[in-house]
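Written out below as structure tokens is the structure these notes cover.
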């Protein structure tokens with residue numbers, strides 16, 4: 001799709017500032033500041049979301065460093081030296097910003113929320129791929145008693161077992177396998193080679209990316225008569241509405257009852273969720289997270305990359321767990337924790353700071369030990 005800068009501004013609900021001739025330029029894609037061409041729109045993220053104010057008259061800089069300083073009338077103004085310099089050098093045809101940047105020649109699309117506008121722009125210019133054809137591909141194997149709703153698409157080589165139900169307008173990609181008695185709701189998309197085992201339920205508007213597995217047997221063993229014996233997992237998995245899941249994720253079925261993924265939860269690639277886990281609504285789970293059996297997560301929990309949760313713990317509503325944290329105990333609602341074992345964030349950073357000082361402290365301790373030895377030796381000689 002191609003739109004003029006002016007048309008894009010209207011589509012985004014943006015205030016447009018710039019030369020009228022430049023606003024007639026055709027835009028066909030979104031690009032980064034450094035690499036965008038004249039037919040691409042770029043963006044500068046909202047400073048209120050990304051940067052820190054240190055108070056009136058102060059300077060603050062984060063890793064990519066805009067500066068906030070006191071203007072003549074006492075108000076904070078953005079001078080963002082680095083980004084403005086890069087924007088002036090950029091070949092982009094227009095820029096999406098949260099506030100007007102003085103001295104910038106290219107058209108500016110001023111919006112309330114840059115991130116929301118960016119999502120809309122990316123949707124406008126998304127690649128035009130061939131739509132999945134409705135109906136069942138001739139190479140798919142579909143059980144006679146399966147129910148495939150109108151408007152659904154079943155791709156090449158897919159296998160749909162007995163008593164499976166697939167809702168309206170859902171897309172089952174090539175090579176998918178859906179086991180007996182499982183249900184897929186409306187407007188879902190299961191990408192290539194997704195496996196859904198038996199007795200699993202997937203709600204409406206769910207996205208599961210390629211090679212993920214839903215409903216595999218959980219890792220539960222008992223040591224009996226000198227051997228590890230697998231505990232039967234007779235339950236299922238229930239994925240509620242508007243869940244989105246990345247590639248190569250694994251969600252184990254429950255021993256009894258269901259492993260549950262709450263509505264609106266978003267899961268990154270390579271995540272392992274064990275048997276009988278219950279995840280609340282609107283959670284964010286980043287890549288390589290591992291959640292052990294029977295954990296319970298409240299609503300709005302955020303687990304950063306490579307977080308590991310021990311089994312049978314509860315994580316309260318709104319908890320945020322920092323990257324690579326190891327959580328071995330339950331955490332009350334609203335806390336922010338970090339480290340391994342996971343600790344309240346402020347305390348965890350203090351521990352890290354002290355740990356970094358250990359080499360110096362050890363050196364000082366050795367020096368003090370030598371001084372004490374000399375003092376003790378001198379005292380013994382006098383006696």
For segment 26-35, how many residues meet the condition of being surrounded by 18 or more Cβ atoms within 10 Å (Cβ to Cβ) and modelled with pLDDT under 95? 0
Name the residue, out of 149, 121, 140, that is under 30 Å from residue 16 (Cβ atoms), at pLDDT 95 or above and either in contact with a strand residue (DSSP E or B) (Cβ under 8 Å, 6 or more places away or on another chain) or surrounded by 20 or more Cβ atoms within 10 Å (Cβ to Cβ) (or both). 121
Of everything in segment 223-244, what is more than 16 Å from residue 197 (Cα to Cα) and in contact with a strand residue (DSSP E or B) (Cβ under 8 Å, 6 or more places away or on another chain)? Give them in sequence order. 223, 228, 229, 230, 231, 240, 243, 244
All but one of (1) assigned by TED's automatic domain parsing to the domain that holds residue 39; (2) assigned to a loop (DSSP other than H, G, I, E, B) hold for residue 115; state the number of the condition that does not hold. (2)
Options 273, 260; residue that is without any contact (Cβ under 8 Å) to a residue 24 or more places away in the chain and surrounded by 17 or more Cβ atoms within 10 Å (Cβ to Cβ): 260
Criterion (in contact with a strand residue (DSSP E or B) (Cβ under 7 Å, 6 or more places away or on another chain) and surrounded by fewer than 16 Cβ atoms within 10 Å (Cβ to Cβ)) met by exactly one of 344, 314: 344
So for segment 326-336 (the condition being in contact with a helix residue (DSSP H, G or I) (Cβ under 7 Å, 6 or more places away or on another chain), surrounded by 14 or more Cβ atoms within 10 Å (Cβ to Cβ), farther than 25 Å from residue 276 by Cβ and free of Cβ contacts under 8 Å to residues at least 60 places away in the same chain), does at least one residue qualify? yes
Please pick out the residue among 198, 228, 233 that is farther than 23 Å from residue 307 by Cα, modelled with pLDDT of 95 or more and buried (at least 21 other Cβ atoms within 10 Å of the Cβ). 233
Of the residues in segment 118-156, how many are in a loop (DSSP other than H, G, I, E, B) and free of Cβ contacts under 8 Å to residues at least 60 places away in the same chain? 22
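The values are calculated or read from the model by the stated rules, or taken from the named source; none is laboratory data. Just so it is clear, the structure is predicted and the values come from calculations on it, not from any experiment. Cβ: placed from backbone, ideal geometry, glycine included. Neighbour counts: every protein chain shown.
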